Amino acid sequence: MLGSRSAYAICMLLATVVAAVLLRRRQAGLQLDKVQKLGIAIGGLIGATLAAKLPFMLGADPAAGVVAAWLSDGKTILWALVGGYVGVEIAKWALHVSTSTGDTFVVPVALAIAIGRIGCFLYGCCYGIQTDQSWGIRFVTAPDAGTVLRHPAQLYEIAFHVSFALIAWSAISAGREHATMKGNWMPMYMISYATFRFISEYWRPEAHLAGGLTFYQWSAIAIGFGFIVLLLDRGGRRSKTS
């Protein structure tokens, strides 16, 4: 909203610090050594970073090259979440870790993304389409230079991620979670965000592709379906061993 790149950078740094501190605390009780914990965290970070930039690199202008696409501001949280999940699983496989770690990641990740979206709001990126609602905001960084009210899409995302983090934290900490949720909070977060993102695309100024859906809506469908299959597979394996 303010077009402040420095505010954006501060929020990104704060998000990283908050995620690291919370993750360390929530993984304190896991039977893993320091190398395994660090390796898993690094795997998630690398996976998220690569996946966040992948769509922009694949669609890069040949004249500019993939390096320019990598150095650009563009990145996608939706793909980053998937990349982070895959990165963690690869790291766990490489480090011979069979312990479930997803429940320790979900709150730190959700809160970190919420803080990151505060940076988006202050910087004025990721805004929504024009609206006549009273809560609309004028973004000077938009093509209209702030002459029309727009959906504060960043604030909607902040509300989603903070809400999910609070629900997950409350259930996990109090031990009130259903047996089917134990160890499955991260896939549920992915499914929930994919659903939210599919809906939220209707108030974001993205290009519509096949079927009248945006790239991110098609991505959300694939990601949501993939994690539903994962949960069903886990449920089937649990029922066989019970």
>> Looking at V82, V88 in this structure, which one is at pLDDT 95 or above, on the phi < 0 side of the Ramachandran plot and in contact with a Gly (Cβ under 6 Å, 6 or more places away or on another chain)?
In response: V88
>> So, in segment 34-60, exactly how many residues are part of a loop (DSSP other than H, G, I, E, B) and open to solvent by less than 50 Å² (accessible area, probe 1.4 Å)?
In response: 1
>> List pairs: first residue in segment 195-218 and on the phi < 0 side of the Ramachandran plot, second residue open to solvent by 40 Å² or more (accessible area, probe 1.4 Å) and hydroxyl-bearing (S, T, Y) anywhere in the structure, Cβ distance under 8 angstrom, at least six positions apart or on different chains.
In response: S200/Y156; W203/Y156; P205/Y127
> Which of the residues belonging to segment 150-175 are within 16 Å of M186 (Cα to Cα) and surrounded by 16 or more Cβ atoms within 10 Å (Cβ to Cβ)?
Replying inline: F160, H161, V162, F164, A165, I167, A168, W169, A171, I172
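Criterion first (surrounded by 13 or more Cβ atoms within 10 Å (Cβ to Cβ) and in contact with a Ser or Thr (Cβ under 7 Å, 6 or more places away or on another chain)) does G226 satisfy it? First the steps, then the outcome.
Working: surrounded by 13 or more Cβ atoms within 10 Å (Cβ to Cβ): yes; in contact with a Ser or Thr (Cβ under 7 Å, 6 or more places away or on another chain): no.
Against the criterion (surrounded by 13 or more Cβ atoms within 10 Å (Cβ to Cβ) and in contact with a Ser or Thr (Cβ under 7 Å, 6 or more places away or on another chain)), G226 does not qualify.
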> Inside segment 198-235, can you point out the residues that are closer than 21 Å to A142 by Cα and part of a helix (DSSP H, G or I)?
Replying inline: S200, E201, Y202, W203, F215, Y216
> Taking segment 122-149 as the region of interest, how many residues are open to solvent by 90 Å² or more (accessible area, probe 1.4 Å), closer than 21 Å to R197 by Cα and either assigned to a loop (DSSP other than H, G, I, E, B) or among the charged types (D, E, K, R) (or both)?
Replying inline: 1
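The values are calculated or read from the model by the stated rules, or taken from the named source; none is laboratory data. Everything numeric in this text was worked out from a predicted model, so none of it was measured. When we count neighbours, we look across all protein chains shown, and the Cβ atoms used for this are built from the backbone with ideal geometry, even at glycine. The area values use the complete protein model at the heavy-atom level, side chains included, leaving out ligands, DNA and RNA. Shrake-Rupley method; radii C 1.70, N 1.55, O 1.52, S 1.80 Å.
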